[in-house]
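Data first, discussion second: the structure below is written as structure tokens.
The values are calculated or read from the model by the stated rules, or taken from the named source; none is laboratory data. The structure displayed is predicted, hence computed values, not measured ones. Here the Cβ positions follow ideal geometry from the backbone for every residue, glycine too, while neighbour counts run over all protein chains shown. For accessibility, only protein heavy atoms count, side chains too; no ligands or nucleic acids. Shrake-Rupley method; radii C 1.70, N 1.55, O 1.52, S 1.80 Å.
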Amino acid sequence: MNFKKVMAAVAAMSLVACAAAIPASASADGATVEIQQVEVDVKDLAKDGGNVIPVAITLTENKGINAFAFGVDVDDACEFEMDYDVQTMMMTIEGAKSEVETENFAWINGASTRTYSKTDVVIIGLTVTIPKDAKVGDVFELNYADVDLEGKDHIWGDTTTKADYVADKTADAVDGWIKIVGEEETTPDTTPETTPDTTPETTPDTTPETTPDTTPETTPDTTPDTTTTTTTTTTGTSTSTTPGTGSPATGTTDVLPIVGVAAAAAILGGVAIVAKKKED
């Protein structure tokens, strides 16, 4: 992959390189290497993953060098490869890819018989594959390493002038990263909030409180009072009972009940019969 293709890929994916602060000491007296800081809009990520992000490593300040060595420590969540075709420095660059490299670490060497003092030139490129589940807010770090896996220090200098920017502490670096930005897509919530409860709080009690007692308290006594009359005649003494004209126990009527009249007629008849027998 050449440098133009990398830059085209960067533009297509809406990548934004963030400018980093450049240490003042390196600006005038030494060298500064900067790992690109990249923002990727979440809408530009492939839904099925496999998103490869190109990252450039640039010499942003350079008083003059002909030898360098440094490392890149890539986030463990990512995979990466060195892209040597990206370099624009006219130097022989070797990526140490044996005993000094692991899955997420690489050590890069460069040397030349000439001294180069150009700035803002790409040293080398990385192609970083970010996780498939990358989401807004995720940051994958790409850190500068000043010691290799064997414990050797980084190198920035000019052998022709005996300049050693590391020893002079004028060799500086800016860490890089890949950040996912934008707005996550959200699925609208179509679940109704709550179905209103239309059940009445309490079922009214429709049972009558008490069935009224329609039975009369007491059946009135309709049996008439009777009056006993004793009559003495020349033929003997007779006794008759005449129904009374008074009211029953209630005292509400003076009319002789029909039952009383029938009883009285029977009694009178009996008396007449008895009297008739006496005359014979």
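Counting only the backbone N, which residues of the stretch 116-136 are under 15 Å from the spot 7 Å out from the Cα of M90 toward its beta-carbon?
Within reach of a label on M90, which here means backbone N under 15 Å from a point 7 Å along Cα→Cβ, the stretch 116-136 contributes 116-119, 121-122.
Residues of the stretch 103-137 with amide nitrogen under 19 Å from the 7 Å Cα-to-Cβ point of T160?
110-121, by backbone N distance to the label point.
Given H placed on each backbone N at 1.01 Å, which residues far from E79 in sequence or on other chains put an amide H within less than 5 Å of it?
Under 5 Å from the amide H of E79 lie the amide H atoms of T129, each far enough along the sequence or on another chain.
Given R₀ = 35 Å, what would the calculated FRET efficiency be for D153 paired with K179, taking r from the Cβ atoms and rounding to 0.05?
Here the calculated transfer efficiency is 0.75.
Can you give the accessible area per residue of the stretch 36-81, in Å², using a 1.4 Å probe?
37 Å²
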